[in-house]
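The values are calculated or read from the model by the stated rules, or taken from the named source; none is laboratory data. The structure displayed is predicted, hence computed values, not measured ones. Reconstructed Cβ throughout: ideal geometry from the backbone, glycine too, with neighbour counts over all protein chains shown. Ligands, DNA and RNA are excluded from the accessible area calculation, which covers all protein heavy atoms including side chains. Shrake-Rupley method; radii C 1.70, N 1.55, O 1.52, S 1.80 Å.
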Amino acid sequence: MSRFSLNKFPDGPGVYALYEHQQALTVGSAANLRQLAEEHLFAFTAPSEALRQMTAHPEQVTEISWWQHPALADEDRRTAARWVAIEVLAPVEHPRFSLSKVGEAALEDREFVKSMEQLFRGAPAGSFVPQTLDALARSVYELKEKVAELERRLASKD
């Protein structure tokens, strides 16, 4: 992944979802979304072990979306927000994780839960659509055809 693509990810905490088209595959959280993307989501080699633990089929990921909120700066509340996101987004895979006492208290706080439900029902703070090798190859082929057409037009003007 290029540095430009990586810069689309915020350098801060958030909750994210990996999608296959419109269906959430899994939901996770990270203290630093850009670091997560750099280390696990877009390795230049095969998908990382961490990504394989997130979803059984990383090659099916067609979009990554993320949400940010001031409450997500705290790890315990971020984990509690992930529970809410799982309820709202209904991913195919339900990862196992536990909550701390602070996280459990956050889930008992009706205002916190309501604000997180609204967050995850709304538009994400950002999204990224990774390009497949096939899509990149098609783009290159289409560009080559357009360049050839432009060269023909230029040649016919002479």
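Express the carbon and sulfur contribution to the solvent-accessible surface of the range 96-158 as a percent, rounded to the nearest whole number, probe 1.4 angstrom.
Numbers: 2860 of 5280 Å².
The value for the range 96-158 is 54 percent carbon and sulfur by accessible area.
For the range 94-158, what value does the Rg/Rh ratio take when both radii are computed over Cα atoms and Rh is the Kirkwood radius, given to two decimals? Each step should come with its number before you reach the end.
Numbers: Rg = 25.7 Å, Rh = 17.4 Å.
Taking Rh as the inverse mean 1/r over Cα pairs, Rg/Rh reads 1.48.
Name the lysines eligible as straight-distance cross-link partners of K101: C-alpha to C-alpha under 21 Å, and not fewer than 8 places from it in the same chain.
Result set, ordered by chain and number: K114.
What does the net charge come to around A31 if you take all other residues with beta carbon closer than 15 Å to its beta carbon, with K and R at +1 and D and E at -1? Kindly include the intermediate steps, with their values, before the conclusion.
Values: positive: R34, R77, R78, R82; negative: D11, E38, E39, D74, E75, D76.
Net local charge, A31 excluded: -2.
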